[in-house]
Structures are given as C-alpha cells and as structure tokens.
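Engineer: What follows is a single structure, and I will ask about it in a moment.
No value in this document is a laboratory result; all are computed from the given coordinates. These figures come from a predicted structure and were not determined experimentally. Note that each Cβ is placed from the backbone with ideal geometry, even for glycine, and that neighbours are counted across all protein chains shown.
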C-alpha cells in the first residue's frame, strides 16, 4: 500500500508544486455612502417640505389663495370632524413648522412623522373618492395625499442626509431605529385623533 497521502477533494491530487494559481475575482468597489445620496435626500426634503410648508401657510395665514383657519375649519366640519377650529390650528401649524424643519433637516424624524400623521386621516376620509385626482367624483382622489405621505415616511427611515442641520446627531447616524420609533408614535397619534374627533 502506498504511503502517499490521498485527498478526498476532487481535483486536488498531486503535491501542489508547479500547479497554476487559481484565478482571483477582480476587487469591486465597496458600497459606500456617496454625495449623490445626500443630494437626492436634499432634493426630496426640499420638495416635500416646501409643499407642506406652503399648505400650512395657506391654512394659518391665508397666503397664496389659501382659505385660512376659518375656511379650513369649515372644510373639516363638512368632512365629519368635531373641534374643527382646534384641528385646523394643529394641522396648519404641523404642516408649516414640520415642512420648514424637513427642508432644513432639523429634528427630521419627528418633523416628517408630523407630516405623515397629517396625511393619514386625509387619506382615510377621501379613500372612497377613488385613487386618481380628476374631474367629477374623483376630484378628491387620494393619489396625491398618498404620495406625500409615503415621501414623508421615506424621509423618516432614511434620515435627512449629511446636507442638513441634523448632520452628526444620533437620529442621523442611526436613522432606522429612530425612524421606527417615530413612525409608531406618529401613526398611533394620527389614528387616535381620527377616531376621537371624526363622527
């Protein structure tokens, strides 16, 4: 019997001397955070935050053709909400301040959560009007409100990016856990308000 060691690995027979080296895969560039991501988040924050800020200014100050607090209170009352004046102030200030904070990247998870919380009752109230915004019965379609709400939710989870006043803060370095916490609080508060004040 031969005393040469044998191998159970296919293709590994021989002493190994003089064998051709195994081919190696080219080194790929590691996936890292890049400036394009920061720029994209900045544009997302500006777009969503500015829209909410504008709607808040319409409600609180009556700017840009807005209906003001009294007009929005009447709209809430016709949609079946009690305490419509109080809710008008809460909604308007949330959109105004939350929108500004999202644009600047200040307390971003909390600010974006407030914007999402405003959208949830709006979608629930108008869901029967259909999806698309258009003439006739679908004039209050929910596609626009859903898009705004989902964009706010995206900012909650991604954080503001590095081009923000939140840069370096805990919720910027670890946006996912803070985002989950903020989302739970925002959704819960929104549903409590809806089922408490909607008749």
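Engineer: 7 Å from Cα along Cα→Cβ at both residue 82 and residue 173: what's the point-to-point distance in nm?
Structural biologist: For residue 82 paired with residue 173, the spin-label model returns 4.7 nm.
Engineer: Hey, what did segment 23-126 get for relative contact order, percent, Cα under 8 Å, at least 6 apart?
Structural biologist: Details: 105 pairs, mean separation 27.9, N = 104.
Relative contact order for segment 23-126 comes out at 27 percent.
Engineer: Name the shape class, rounded, prolate or oblate, that the alpha-carbon gyration tensor gives for segment 41-197, where a ≥ b ≥ c are the square roots of its eigenvalues, rounded holds for a/c under 1.5, and otherwise prolate holds if a/b is larger than b/c and oblate otherwise. Walk me through the intermediate numbers first.
Structural biologist: Numbers: a/c = 1.74, a/b = 1.64, b/c = 1.06.
It is prolate, given that a/c is not under 1.5 and a/b is the larger ratio.
Engineer: Quote the FRET efficiency, to the nearest 0.05, computed for residue 165 versus residue 70 with a Förster distance R0 of 45 Å and r equal to the Cβ-Cβ distance. Don't skip to the answer; put the middle values down first.
Structural biologist: Values: r = 34 Å, r/R0 = 0.76.
After rounding to 0.05, the efficiency reads 0.85.
Engineer: Now, a different point. Distance from the Cα centre of segment 60-78 to that of segment 117-134, in angstrom?
Structural biologist: 18 Å
Engineer: Then there's this: Using 7 Å Cα-to-Cβ label points, what is the residue 34/residue 63 separation (nm, one decimal)?
Structural biologist: Placing both labels 7 Å along Cα→Cβ, they lie 3.7 nm apart.
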